[in-house]
1. Just to be sure I understand, how many residues within the range 165-193 are part of a helix (DSSP H, G or I), open to solvent by 10 Å² or more (accessible area, probe 1.4 Å) and either within 15 Å of the ligand (Cβ to nearest atom) or of a type in the set (S, T, N, Q) (or both)?
2. Counting only residues that are of a type in the set (A, V, I, L, M) and out of contact with any Lys or Arg (no Cβ under 9 Å at 6 or more places or on another chain), which one in the range 66-79 is surrounded by the most Cβ atoms within 10 Å (Cβ to Cβ)?
3. Restricting attention to the range 93-106, report how many residues are surrounded by 20 or more Cβ atoms within 10 Å (Cβ to Cβ) and more than 26 Å from residue 145 (Cα to Cα).
4. Just to be sure before I move on: is residue 61 of a type in the set (Val, Ile, Thr), open to solvent by less than 70 Å² (accessible area, probe 1.4 Å) and closer than 17 Å to residue 155 by Cα in the structure I sent?
5. Got a sec? Which of 110, 143 is open to solvent by 80 Å² or more (accessible area, probe 1.4 Å) and within 16 Å of the ligand (Cβ to nearest atom)?
6. Which condition breaks for residue 207 when tested against (1) at pLDDT below 95; (2) away from the ligand (no atom under 11 Å from the Cβ); (3) open to solvent by less than 20 Å² (accessible area, probe 1.4 Å)?
7. Could you check the range 120-140 and list, in sequence order, the residues that are within 22 Å of residue 234 (Cβ to Cβ) and within 16 Å of the ligand (Cβ to nearest atom)?
8. Within the range 131-139, is even one residue out of contact with any helix residue (DSSP H, G or I) (no Cβ under 8 Å at 6 or more places or on another chain), open to solvent by 50 Å² or more (accessible area, probe 1.4 Å) and of a type in the set (Val, Ile, Thr)?
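The values are calculated or read from the model by the stated rules, or taken from the named source; none is laboratory data. All figures in this text were calculated on a predicted structure; none of them were measured in a lab. All Cβ positions, even for glycine, are placed from backbone atoms using ideal geometry, and neighbour counts span all protein chains on display. Protein only, heavy atoms only, side chains kept; ligands, DNA and RNA dropped before computing areas. Shrake-Rupley method; radii C 1.70, N 1.55, O 1.52, S 1.80 Å.
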Amino acid sequence: MSDQWIFLNDDFVKKEDAKVSVYDHGFLYGDGVFEGIRVYSGNIFRMKEHMDRLFQSAKSILLSIPYTHEELTDLVVKTVEKNGLKDAYIRLVVSRGVGDLGLDPYKCKRPNIVIIVEPLAIFPKHLYDTGVDIVTVPTRRNRPDVLSPKVKSLNYLNNVLVKIEAHLANVSEALMLNDQGYVAEGSADNVFIYKNGKLLTPPGYLGALEGITRNAILEIANELGYDVREEPFTRHDVYTADEVFLTGTAAEVIAVVKVDGREIGDGKPGEHTNRLLEKFRQKVIKEGVKVNYNDQGLNVS
Ligand code: PMP
């Protein structure tokens, strides 16, 4: 028996018992929404922003979450406490729920809510020292007027294809362009370039998830006095940038040192990337919703 507790609908259950029906429309059709959230030293980072994004994604697909913001926040905090983890990754999933084999979501009576808290599978430390080698892939980002990339839905096939294409190119991550050929984002992270003294990231309307790490980096860069802009850019701008980095809940800030065989800068993580990563880490330790533990790291309630 594992000692990991999962929140499933109204209850905490052991990992082995955390099961949902094969008739769940999240499984049958990718119909649902989710969030990936991080706990740093017992503080849940930007919980409100994650909850806002989850509820907005759900609203966009007319999925009604049977909890308020506050109730769901409280359940996430309780799940972290119950698992006694101070540094963790949280996966919060709201699927359409159990229906029949037809597509009709109105046949699904109640969403399934799952909260998983796991010890962090931290990105290999050496990648922060060396940076990563990436490619751009043929798969284009979903158009915002077809399936908006701002909706963090369980339909991640667009992103899965990008990951497959990255593997086929023997690299771990890749960039997607949008339908007009502008750089959109990675398979599960946002992208920034530093060029001619400016820090750029693609604007949301080009087709990218509004990453919570991205927004934190925009804030930090502004505080540090960078000339930071949300502006469209192309592959050429990436190839000729002084620095390139990716941001995301799991990766935090990770330098990109090669794109499609073109070395970026001097082929090592750049000073601005390192500075922003350092400031980001200082910030995340201070902020967040506090979780209560006793001396053994277990919840006190
Ligand atoms: N883009 C996509 C497609 C993602 O899945 C993620 C990860 N949630 C991100 C960007 C980064 O977002 P965040 O910083 O909120 O993790």
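1. First, pick out the residues of the range 165-193 that are part of a helix (DSSP H, G or I): 165-168.
Narrowing further to those that are open to solvent by 10 Å² or more (accessible area, probe 1.4 Å): 165, 167-168.
Pick out the ones that are also either within 15 Å of the ligand (Cβ to nearest atom) or of a type in the set (S, T, N, Q) (or both) and you get 165.
Final tally of qualifying residues: 1.
2. Kept after step one, since they are of a type in the set (A, V, I, L, M), are these residues of the range 66-79: 72, 75-77.
Subsequent filtering for residues that are out of contact with any Lys or Arg (no Cβ under 9 Å at 6 or more places or on another chain) retains 72, 75-76.
Details: 72: 20, 75: 17, 76: 24.
In this case the residue turns out to be 76.
3. The qualifying residues number 2.
4. Details: of a type in the set (Val, Ile, Thr): yes; open to solvent by less than 70 Å² (accessible area, probe 1.4 Å): yes; closer than 17 Å to residue 155 by Cα: yes.
So residue 61 fits the description; yes.
5. Numbers: 110 fails: within 16 Å of the ligand (Cβ to nearest atom).
It is 143.
6. Single failed check for residue 207: (2).
7. Here is the first cut: in the range 120-140, the residues within 22 Å of residue 234 (Cβ to Cβ) are 131-140.
Answer for the range 120-140, where residues must be within 22 Å of residue 234 (Cβ to Cβ) and within 16 Å of the ligand (Cβ to nearest atom): 132, 134, 136, 137, 139, 140.
8. No.
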